[in-house]
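*Asks:* Sharing a structure, written as structure tokens. Questions coming.
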Amino acid sequence: MDSQLQEILTLFHEHKITYWLDSGTLLGLMRDERLLENDMDLDIGIWSDEEEKLKDLLPLIKEEGYTIYSASYRGQVFKYNFIPHHHQYQRKVDINLFREAGRNAWCPMYYFIFTSNHEKSESRGRKASGTLRSVFRYCWVWLNKNISVRVAISSFPWRPFLNIGTWWIPAKFFKKVVYHGGLKAYIPLNWESYLEFRYGTWRNKTDNWVFYRDDGGIVDMEPSALIDQQEEF
């Protein structure tokens with residue numbers, strides 16, 4: 001087990017926070033028996049009702065040398081990031097808070113809209129827009145690394161520069177978690193089915209993976225619209 005991850009999970013265990021290893025962290029440890037080399041996040045999932053316990057843990061996380069960043073959507077916190085001060089040597093800890101909607105667990109996801117470096121802008125307006133997006137992205141990264149801050153992704157000034165989608169996962173995968181003695185961590189009980197839902201043929205490594213395009217657990221709709229759509233049926 002990676003020592004950084006184990007230190008974080010030890011604090012989770014001591015504070016009796018119910019969690020599960022998730023996303024690339026779960027995939028790497030279960031498929032390769034190690035963390036993915038190109039994945040710079042430690043992915044942990046929790047239910048939103050565990051947030052108060054997590055808040056009690058935050059002072060200790062700061063003492064361990066992390067800056068804490070959180071993100072909210074329509075007033076609800078859905079993500080905490082622990083950014084290590086020595087980030088070139090350690091991974092960022094990425095904690096997603098899930099809520100239930102019918103038979104699904106949901107959590108917002110987002111990524112920056114920006115023009116790729118190899119694309120040529122055809123107008124001064126597009127160039128200005130691309131520059132402004134780059135400035136906002138730089139500010140976002142700087143804030144994450146240096147200041148404990150909460151960003152409201154559905155509000156100005158961030159909303160115009162973000163694509164917002166939804167982690168939309170059958171809740172059954174997170175309802176039952178089990179302790180894996182070898183990892184000294186909790187994982188979804190039906191982790192193989194969960195990885196298949198997320199990654200398809202997860203036992204085979206895939207090149208050119210793009211999470212918002214290829215992940216089976218992501219829907220390209222905002223949570224509010226997706227939940228409203230479900231309620232209509």
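*Asks:* If I filter the range 208-220 down to residues being touching a strand residue (DSSP E or B) at 6+ places or on another chain (Cβ under 7 Å) and modelled with pLDDT of 95 or more, which single residue comes out as surrounded by the fewest Cβ atoms within 10 Å (Cβ to Cβ)?
*Replies:* Among those residues, the one meeting the criterion is Ile218.
*Asks:* On the given criteria, is Trp158 over 22 Å from Glu33 (Cβ atoms) and among the aromatic types (Phe, Trp, Tyr)?
*Replies:* In short, yes.
*Asks:* A follow-up question, please. How about the range 154-194: which of its residues are at pLDDT below 95, touching a Phe, Trp or Tyr at 6+ places or on another chain (Cβ under 8 Å) and either closer than 25 Å to Gln90 by Cβ or assigned to a helix (DSSP H, G or I) (or both)?
*Replies:* Phe161
*Asks:* Could you identify the single residue in Ala185, Ala225, Ala171 that is surrounded by fewer than 15 Cβ atoms within 10 Å (Cβ to Cβ) and either in contact with a Lys or Arg (Cβ under 6 Å, 6 or more places away or on another chain) or aliphatic (A, V, I, L, M) (or both)?
*Replies:* From the options Ala185, Ala225, Ala171, the qualifying one is Ala225.
*Asks:* Here's something else I'd like to know. Inside the range 57-77, can you point out the residues that are part of a helix (DSSP H, G or I) and in contact with a helix residue (DSSP H, G or I) (Cβ under 8 Å, 6 or more places away or on another chain)?
*Replies:* Those that are part of a helix (DSSP H, G or I) and in contact with a helix residue (DSSP H, G or I) (Cβ under 8 Å, 6 or more places away or on another chain): Leu57, Leu60, Ile61.
*Asks:* Could you run through the range 55-81 and say how many residues are open to solvent by 60 Å² or more (accessible area, probe 1.4 Å) and closer than 23 Å to Ile227 by Cα?
*Replies:* Looking only at that region, the number is 3.
*Asks:* Now a separate question. I need the full set of residues from the range 41-69 which are modelled with pLDDT under 95 and of a type in the set (Ser, Thr, Tyr), in order please.
*Replies:* Hits for the range 41-69 are Tyr66, Thr67, Tyr69.
*Asks:* Another question, then. Could you please let me know if Leu9 is at pLDDT 95 or above, in contact with a Leu (Cβ under 6 Å, 6 or more places away or on another chain) and buried (at least 18 other Cβ atoms within 10 Å of the Cβ)?
*Replies:* no
*Asks:* So, in the range 35-56, exactly how many residues are part of a loop (DSSP other than H, G, I, E, B) and touching a residue at least 12 places away in the same chain (Cβ under 8 Å)?
*Replies:* 4
*Asks:* Picking from Lys176, Lys205, which residue would you name as being out of contact with any strand residue (DSSP E or B) (no Cβ under 9 Å at 6 or more places or on another chain) and either closer than 23 Å to Phe12 by Cα or open to solvent by 80 Å² or more (accessible area, probe 1.4 Å) (or both)? Write out each step before concluding.
*Replies:* Working: Lys176 fails: out of contact with any strand residue (DSSP E or B) (no Cβ under 9 Å at 6 or more places or on another chain).
After ruling out the rest, the residue left standing is Lys205.
The values are calculated or read from the model by the stated rules, or taken from the named source; none is laboratory data. Quick caveat, the model's predicted, so the values are computed rather than measured. Positions of Cβ are backbone-derived with ideal geometry, glycine not excepted, and every protein chain shown enters the neighbour counts. The area values use the complete protein model at the heavy-atom level, side chains included, leaving out ligands, DNA and RNA. Shrake-Rupley method; radii C 1.70, N 1.55, O 1.52, S 1.80 Å.
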